[in-house]
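Visitor: Submitted below is the structure of interest, expressed as structure tokens.
FYI, it's all coordinate maths here, none of it is from the lab. Keep in mind it's a predicted model, so treat the numbers as computed, not measured. So basically every Cβ, Gly included, is an ideal-geometry build from the backbone, and we count neighbours across all protein chains shown.
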Amino acid sequence: MKPTVRPATGAQQFEARHQNEAVDCQVGGDAAPSYCEALSHSSRTVLYGRDVELDTIQALLDGARLGHGGAWVVRGEPGIGKSAVVDAVIPRAEGFTVLRTLGVEAEHTWSYAGLQMLLHPLLDRIGNLPAAQAEALRTALGMGDGTGRPQRLQVGLAVLNLLVDASAQRPVYVVIDDAHWLDRDSTDALLFAARRLTTESIGMVLVVRDGFAPEFPAPGIPELTLGPLDIEASQAILDTRSDAVPYTSRDWILRLAEGNPLALLELPAADHEDPLRTIDSSNSRYSTTSRIRQAFTERIIALPEATRTLLLVAAAEETGETAVIAEAAEKLGANLSDLEPAEIDDLARYHLGRIEFVHPLIRSAAYHSATRARRIDAHRALSEAFGNGDIRHARHLAAATTGLDEKAAAALESIASYEAERGGCVAEMVALERAASFTPEAEERARRLVEASQTAYAAGLVEKALELAEKAERLTENHVLLARTALIRATVLSWAGDAGAFEVWMESAEHYAVNGHENTGYPLLRGVWNAWETGDFGKVEYANELATRFGGSNNTWAKRLARAAAGLNRRPWVTAGEAVDALRSLYDYYQPLHDDFRRFDQVLASRWRLLAGDVPAAHTAASEKVRDCREAGATSPLIQALLVQAQTQLHYGRYADAQAAATSAIELAAETNDRRALMQGRV
């Protein structure tokens with residue numbers, strides 16, 4: 001499904017009127033930044049008192065020039081000067097290719113939306129990547145044929161190598177503004193690359209807002225937090241607004257601004273008789289950010305109604321696309337010419353073909369100052385402007401829906417399918433979960449929650465996978481759906497080393513068995529293995545008895561594994577030779593319940609080879625699985641394959657190789673918070 005936008009009445013004339021307003025801010029390279037703008041006078045003033053921060057970013061670029069790159073996360077509250085500090089270094093980045101993008105709240109759940117904007121200038125270099133990485137990146141960016149799903153690790157490698165390829169000609173400076181609004185898949189890929197820049201000619205800065213924004217954990221990357229300015233710098237900024245600040249108001253503004261540069265610039269513009277004046281500046285619950293936003297809200301409320309409507313529509317459709325905003329605004333009685341009062345008041349502007357807000361808090365004020373009914377009207381108008389066939393139609397339709405609605409639910413499920421084609425597990429999960437929330441019929445809601453749970457597991461969000469599975473279980477008595485939720489819970493518990501996993505494997509098998517489902521064999525086999533690992537052979541026998549009771553060809557797998565467990569643990573009714581034969585008969589076992597389990601199961605088979613004493617076969621199988629998982633970017637099974645590979649290398653006396661494989665497994669386990677693998681790798 002390709003996003004489309006129909007031209008709107010008046011949009012072309014509006015664009016023509018503003019066509020000379022674009023700013024070219026390319027710095028030293030043939031690839032123009034994906035997002036850029038000239039520094040205004042007001043943004044330059046926030047550099048008062050920021051010498052240490054400027055030196056830190058400059059040192060990052062100086063290191064990148066010499067091939068000693070790195071990354072910083074720059075944090076701070078809204079208006080504290082984060083972007084201004086990062087911007088100020090750009091003119092000094094002579095000889096660099098500057099790549100810049102920004103996270104957009106409306107695209108927070110769109111898979112790889114951030115990467116699309118950032119990497120657009122480098123698309124012609126994708127062919128320089130290894131074939132598997134090039135294919136994964138093209139699919140992630142919506143340029144593939146839609147037949148495969150890229151794994152996150154593979155996309156991360158592709159991003160890293162694409163930046164390295166670009167830096168071979170000239171060093172690269174990467175700036176991501178509002179990184180907290182990046183979609184999860186773009187964030188994972190960029191953080192993967194950011195942690196691996198120490199020997200490259202690449203500097204990366206991720207600008208993150210604290211407060212009024214999602215959290216942005218970035219383990220392994222140093223952080224630069226901008227705090228309030230001291231009184232001297234604050235007074236210097238206020239001096240630049242001396243024409244707007246009566247002498248008697250200076251102390252009041254200094255107290256209220258609390259060292260925030262944007263507050264120092266904006267509060268003088270507020271009416272000195274408005275409610276801001278009565279606020280107790282010692283009340284920490286009323287933050288500086290809230291004061292700034294209230295100042296913006298007062299300015300927006302003073303605008304003509306048609307201008308407020310246009311700003312509301314632009315705030316609801318954050319991509320800023322002029323044509324669709326114009327069409328939706330016209331349905332609500334506004335048009336593009338109504339932007340002028342907001343431009344005059346320096347609240348919004350038409351820039352590089354888009355309607356932009358001067359600051360994110362202005363967007364928030366424009367949206368939340370409208371009534372809920374008016375916001376719903378705006379989303380409904382936008383959904384109609386996009387029309388069927390555009391994924392944004394479904395997003396706005398959902399935002400305009402206030403109750404259960406199968407039409408909105410089905411539209412969101414279509415978004416999930418679109419995201420699945422691009423490999424966006426997180427975006428797919430979010431769309432499915434939202435689709436379930438709109439679904440009127442309980443059984444169908446449960447199905448969508450199960451699909452969302454499965455996708456969350458594939459994305460490595462195990463806690464979310466468990467939460468969604470449990471929600472689905474409360475809605476249905478369908479045994480196949482309940483078997484699937486139990487399967488997800490058991491898988492998560494097993495890889496976490498939880499002793500309760502066995503009972504959940506059995507629960508899944510029993511649900512499948514109600515309808516005589518052949519898939520009982522898979523959870524029974526996994527239950528036997530779980531019991532064997534924990535040394536509870538009573539549970540091994542119980543699973544074996546269930547396999548006999550349920551019958552079916554697939555249940556012979558569980559019986560064979562139970563026989564192997566008995567013989568290799570000196571049970572008198574099975575010899576060691578019979579146990580090894582039973583184990584070898586399972587080498588080629590494969591049950592395609594879901595592709596996300598397949599590689600885990602094949603790694604498990606390589607572990608069985610090791611148990612049977614077939615060290616060469618185990619080494620070959622594990623090494624093949626390591627290559628396969630690396631090519632596919634399948635992180636979790638790769639960790640297990642590396643651990644088996646390390647064990648086989650120990651058998652050969654290749655201690656350095658074993659240590660390297662185990663170290664790789666530990667590093668990946670730390671990045672993905674795989675606690676069980678961390679323990680296994682250090683044993």
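Visitor: Would you work out which of His517, Val574, Ala558 lies farthest towards the positive end of the dipole of region 477-593, given +1 charges on the beta-carbon of Lys and Arg and -1 on that of Asp and Glu, about the Cα centre?
Guide: Ranked along the dipole, the leading option is Val574.
Visitor: Could you grab the relative contact order for region 477-593? Cα pairs under 8 Å, six or more apart, rounded to a whole percent.
Guide: Taking the mean separation of contacting Cα pairs over the length of region 477-593, I get 18 percent.
Visitor: How big is the dipole moment of region 477-593 about its Cα centre under a simple scheme where the beta carbon of each Lys and Arg is +1, that of each Asp and Glu is -1, and everything else is neutral? Debye, nearest 20, please. Show your work: numbers first, answer last.
Guide: Working: 11 positive and 13 negative charges, 52 e Å.
Once rounded to the nearest 20, the dipole reads 260 debye.
Visitor: Let me ask another. Take the alpha carbon atoms of region 184-217, find their center, do the same for region 623-669, and report the distance between the two centers in whole angstrom.
Guide: First find each Cα centre; the distance between them is then 27 Å.
Visitor: Mind listing which GluC sites (Glu not before Pro) in region 454-531 are in a DSSP loop and have 11 or fewer other Cβ atoms within 10 Å?
Guide: Qualifying residues, ordered by number: Glu477.
Visitor: Structure shown: which of Lys471/Lys539; Lys331/Lys407; Lys331/Lys464; Lys464/Lys625; Lys464/Lys559; Lys82/Lys471 lie over 31 Å apart, alpha-carbon to alpha-carbon?
Guide: Violating the 31 Å Cα-Cα cut-off are Lys331/Lys464; Lys464/Lys559; Lys82/Lys471.
Visitor: OK, next. In region 70-111, what chymotrypsin sites (Phe, Trp or Tyr not before Pro) fall in a loop by DSSP, with at most 10 other Cβ atoms inside 10 Å?
Guide: Answer by residue number: there is no such site.
Visitor: As a footprinting exposure proxy, order Lys559, Lys331 by other Cβ within 10 Å, with the fewest listed first.
Guide: Values: Lys559 19, Lys331 16.
Sorted ascending by nearby Cβ count, the order is Lys331, Lys559.
Visitor: Here's something else I'd like to know. Please find the FRET efficiency linking Glu470 to Asp62, where r is the Cβ-Cβ separation and R0 is fixed at 45 Å, and quote it to the nearest 0.05.
Guide: Once rounded, the FRET efficiency stands at 0.30.
Visitor: Turning to a different aspect of this structure: Within region 428-534, report the trypsin sites (Lys or Arg not before Pro) that DSSP leaves as loop and that have at most 14 other Cβ atoms within 10 Å.
Guide: Arg474
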